[in-house]
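Report on the structure given below.
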Amino acid sequence: MKFKTSRTVESLSYKQKVLLMVGIFLCIELGLMVSSEFSVALPKIIGDIGGAEFYSLVFTVNLAVAAIVTPIVGKLSDMYGRRQLLIIGILIILISEVLTPLLVSNIYHLMIFRGIQGLGGAATAVVGLIVISDIFDIENRAKFLGFYGSLNALTAIVAPTIGGIFVQYMSWHWVFYSIVPVGLIGLFFVLKYMPEIPKLERTSLDYRGIMILSAAILIFVGITTVGGTKVPWTSITMVLLVAALVGMIGLFIFSQKKSKDPIMPLHLFKYRVFIICLFSVLAMMFAATGLIYFMPMFLQNIYGFTPTETGLFMTYRGLTSFIFAAVSGFIVAKLKDFRLVAIAAMLIFAGSIFSLTFLTTSATALAITIICLVWGSASGVLISIFHTGIQMNLPNKDISVAMSVIQLFVSIGSLLATSLLGLFLRNPNLSAGFSYLLFTCLGVVLFALVVFVVTLQRRNLRDQKAEEVVNPTLNEELV
């Protein structure tokens, strides 16, 4: 399948670039919007089709497929073109979202379609973020990555409320149909303005690395899904699975050293900023996913809030998230440094989680609203701030694969949350389970914050980057 155009990056005006990004962001919205609506609607969906024991696994399948596909997509876009991969990803998610309510009759069908949607969503998000570095300079990258955070926030404002209304007053099927107009508008802009990005010469796909990485991710999913529930953590089966995971990781590192065109070049890990951004995004996504995916269930089952009320709480979070995400992009562009903004956002996020720990037995709507508003001021920033850090501090030649890797860690963080934090849903005392979930998320955020501050305070990253240009051997000293 080929999608050709005569447009080049140089031929695009700034206005056309902005319209292109509008289209790309709307297409990324396809996956984001249905996921947000889906988290509110899933209790009702499960009630209709059954399979309550697979509640967490529905999220896990989607994230696992995204994690496997993510590191591959960046390389494929280098080989076959950004335009082609982006359009294919959009079509996959659009078509699968339309077919889901028509064909799903049990929990297994639902998991299959969520897996397909994970594939399309990963392709669209990864290539879309790479395009930002293809068509904009460093300062504009910060601004548009800030807008990407605002997009996520806008989804948080609109989608949960829409999802709650559909579930309460119509049918959960409309959760999937509702994204069609958004997708068609976005696809129109992409088809009209997306240029042909020059492909990389003499590059190939690292099939061995892909297979090893996929096997490692699947083993990881198995461990986090059955560990502590169907299979005891201390059992011989679990020990063997953990050993297999460690072995696969070692084999993957060895394969990347030997590969001519590695899917995850190890030289990226010579950049200290790259390592800390990966670790930070992993931790933030773990905590954020735990709250976004599981709070609706706790709010509805502990406090008795309706789906519409639950959606409104998430909307309040999205309101401040939308504002602060956009503002943060301009602040980072002005400062030409992302660290202070990232630290402030992590502190606010930790404070919000800590506040929720006081409300595990009862809560008023006003208290939840205030906490969600404060939480939102941090969440919009954290969505894109670490992507910004990488795009501002790594050489252009490494940004494509770096974006794929950081999106992989986004998926792994979410995957860890849905698998491990899902264990708290099995606690007979839901209030106690919610408390354990919150303290786990709080601990992860605080630990990441300390590591971030200690690691990146030693040296000015902009000076470091300038020195790397003059002295490439400096890379050996970055870790």
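Nothing in this text is a laboratory measurement; each read-out follows from the coordinates by a stated rule. Since the structure is predicted, the reported quantities are computational estimates derived from the model, not experimental observations. Counting neighbours? That spans all protein chains shown, and the Cβs are built from the backbone with ideal geometry, glycine included.
Which whole-number value in Å³ per residue fits the convex hull of the alpha carbons of region 206-261?
56
Over the chain, what relative contact order in percent results from Cα pairs under 8 Å that are six or more residues apart?
Dividing the mean separation by the residue count of the chain yields 25 percent.
Against the longest principal axis of the chain, how steep is helix 180-193, in degrees 0 to 90 to the nearest 10, with axes from Cα atoms?
The two axes meet at around 0 degrees.
Starting at the first residue of region 380-386, write each ³J(HN,Hα) from the Karplus equation 6.51 cos²θ - 1.76 cosθ + 1.60 with θ = phi - 60°, in whole Hz, x for Gly and Pro.
x, 5, 5, 4, 10, 5, 7
Average the reciprocal distances over every distinct pair of alpha-carbons in region 258-387, invert the result, and give the Kirkwood radius in Å.
16.3
For region 305-452, take every pair of Cα atoms, bin their distances at 10 Å starting from 0, and report each bin as a whole percent.
10, 33, 38, 15, 4, 0
I need the GluC sites (Glu not before Pro) found in region 126-218, filtered to DSSP loop residues with at most 15 other beta carbons within 10 Å of theirs. Walk me through the intermediate numbers first.
Working: sites: E139, E196, E201; in loops: E196, E201.
Those that pass, being in a loop and sparsely packed, are E201.
Quick one: net charge of K15's neighbours, Cβ under 14 Å, K/R +1, D/E -1?
Neighbourhood net charge equals +3.
Just the number: Rg to Rh for the chain, Cα atoms, Kirkwood Rh, two decimals.
Using only Cα positions, Rg/Rh for the chain is 0.94.
Within region 360-452, list the chymotrypsin sites (Phe, Trp or Tyr not before Pro) lying in a DSSP loop whose Cβ has at most 13 other Cβ atoms in a 10 Å radius.
Counting only loop positions with at most 13 other Cβ atoms within 10 Å, none of the chymotrypsin sites (Phe, Trp or Tyr not before Pro) in region 360-452 qualifies.
What does the net charge come to around L251 if you take all other residues with beta carbon closer than 12 Å to its beta carbon, with K and R at +1 and D and E at -1?
Combined, the nearby Lys, Arg, Asp and Glu give +3.
Go through K270/K334; K260/K334; K260/K336; K143/K397 and tell me which ones have a Cα-Cα distance over 31 Å in this structure.
Beyond 31 Å between Cα atoms: K260/K334; K260/K336.
Helix-derived [θ] at 222 nm for the chain: sum -39500 (n - 2.57) over DSSP H runs of at least 4, divide by residue count, nearest 500?
That comes out to -27500 deg cm²/dmol.
Averaged across orientations, what area in nm² does the convex hull of the alpha carbons in region 150-209 project?
Average of the hull's projected areas for region 150-209 equals 7.7 nm².
If each residue of separation counts as 0.36 nm, what is the full-extension length gain between I370 and Y207 once their alpha-carbon separation is subtracted? Can you show the working numbers first?
Values: separation 163, 0.36 × 163 = 58.68 nm, distance 4.93 nm.
Result for the pair: 53.7 nm of gain on full extension.
HN-Hα J couplings of region 125-131 from phi, Karplus 6.51/-1.76/1.60, θ = phi - 60°, integer Hz, Gly and Pro as x?
5, 5, 5, x, 5, 5, 4
Between helix 55-80 and the chain, what is the angle of the helix's C-alpha long axis to the longest principal axis, kept within 0 to 90° and rounded to the nearest 10?
For 55-80 against the chain, the angle is about 10 degrees.
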